[in-house]
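The values are calculated or read from the model by the stated rules, or taken from the named source; none is laboratory data. Small disclaimer: the values here were computed from a predicted structure and weren't measured. As a convention, Cβ positions derive from the backbone with ideal geometry for all residues, glycine included, and neighbour counts pool all protein chains shown. Quick note on the areas: whole protein, heavy atoms, side chains included, nothing else; ligands and nucleic acids left out. Shrake-Rupley method; radii C 1.70, N 1.55, O 1.52, S 1.80 Å.
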Amino acid sequence: MSGSGPEDLTDSFRRLIRNHGPLPVSRYMGESNARYYTSRDPLGAAGDFVTAPEVSQMFGEMVGLWLADIWQRAGRPADAIYVELGPGRGTLAKDALRAMASQGLRPEVHLVEGSAALRAVQSGVLAGAQFHDTVDTLPAERPLLLAANEFLDALPIRQLVMTGDGWRERMVALDEDEAFVFAAGPNPMDEAVPEALRAAEPGTVIEACPAAAALIEALAERLDVQGGAALFIDYGYLAPQVGSTLQAVREHTKVDVFDKPGDMDLTAHVDFAMLVDIARQGGLATSTATQGLWLSAMGIGLRAQALATRFPDRSNEVQVAYDRLVGADAMGELFKVMALTARDWPRGAGFDEGQRRTKE
């Protein structure tokens, strides 16, 4: 890494805290991840973590088939575009586009990616892809077929903590040894807390992700006008919960969240319940499921059998990948799937009707 390294970011945070007081958790996480993602390719065995598309081609194929199916039932609009948020190495897009092509869908590709390092990798995999820093510059008049896998979890969260004096914003401070520690901010935050939680036990932490909320609001406005569907897959929870979910990973191992900011992946669980409410307020139809149930409903079991039959020398590899993606003790339960569809588009496949909620 040229220029400044992770130690410099640690020093920068210490200097800021000494001069201006504790930092909000949201700023600590946001600046740490900005440094992390713009400086490297974090994926794969040589990186810090492995995402579902890197586990097996079956994952991206199911995403592509889901988008192709909803596109077909929407009347096969010729101007629909494929959009991916945080496309990593381009693996999900490559597999999804191949599956779409098998169904007659060959959309223009638009990637929302802020990392120059990852854009270079994606360009080598997806010739002709158009890049965007944010969703704001996506085409404004064409239906969107959008996918986002492990994108929301890296957006900076805000944490509030219950103290003996009421709710306060959770901050990052320095102890007497100049080590980072969590601390409660000075300003009362009770009005920002849901009524049902205002009398919680001291030490209770709740989280919010303003960036995720703003993204879903923006997409709801676009989908309402342009048409289309969006599929978000991430680890998180489908019902509201309390407690800190902030975590850090480096070289496939969990590390302390204060260990070398800018040199590790900081993430938090996604509050899908809150995002579903925002999407519904924007007029979208929503569906949610666990990753395991959704992939199974989409036919990943049959795809695994077909791959194992076609490549018998790799049948064990296929089975291991299938178990990792679908298994309740692996990614199947921890990861959730949220589908958002424009009000005049058909609902997406693979979801239990009982889970679907639409704006009345």
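About its Cα centre, the dipole of the stretch 147-206 is roughly 240 debye, where the only charges are +1 on Lys and Arg Cβ and -1 on Asp and Glu Cβ. Across the chain, Cα pairs under 8 Å and at least six residues apart give a relative contact order of 20 percent. Here the dipole of the stretch 167-244 is about 300 debye; that uses its Cα centre as origin and unit charges on the Cβ of Lys and Arg (positive) and Asp and Glu (negative).
Charge dipole of the chain (Cα centre as origin; +1 on each Lys and Arg Cβ, -1 on each Asp and Glu Cβ, all else neutral): 1140 debye, rounded to the nearest 20. Highest mean packing comes first when the peptides 65-74, 241-250 are listed by Cβ atoms within 10 Å, giving 65-74, 241-250. Placing unit charges on each Cβ (+1 for Lys and Arg, -1 for Asp and Glu) gives the chain a dipole about its Cα centre, and among PRO194, VAL172, PHE272 the Cα reaching farthest toward its positive end belongs to PHE272. What the chain shows is 44 Å² of accessible area per residue, with the surface traced by a 1.4 Å probe over protein heavy atoms. Of all DSSP beta bridges confined to the chain, the antiparallel ones make up roughly 65%. The GNM of the chain, with springs linking C-alpha atoms under 10 angstrom apart, assigns the highest mean-square fluctuation among ALA279, ALA80, ALA140 to ALA140.
For the chain, the longest principal axis of the Cα atoms and the long axis of helix 91-101 meet at an angle of about 30 degrees.
Springs join every pair of Cα atoms under 10 Å in this Gaussian network model of the chain, and among GLU195, GLU207, GLU84 the largest mean-square fluctuation is at GLU195. On a 0 to 90 degree scale, rounded to 10, what angle separates helix 6-20 from the longest Cα axis of the chain? Value to nearest ten degrees: 50.
Considering only PHE258, ALA308, GLY350, the residue lying farthest towards the positive end of the dipole of the stretch 239-360 is GLY350, judged by Cα position with unit charges set on Cβ.
As a fraction of the 1.4 Å probe accessible area of the chain, surface on carbon and sulfur atoms comes out at 50 percent. Nearest 10 degrees is fine. How inclined is helix 57-73 to the longest principal axis of the chain, computing both from alpha carbons? In the chain, helix 57-73 runs at an angle near 70 degrees to the longest axis.
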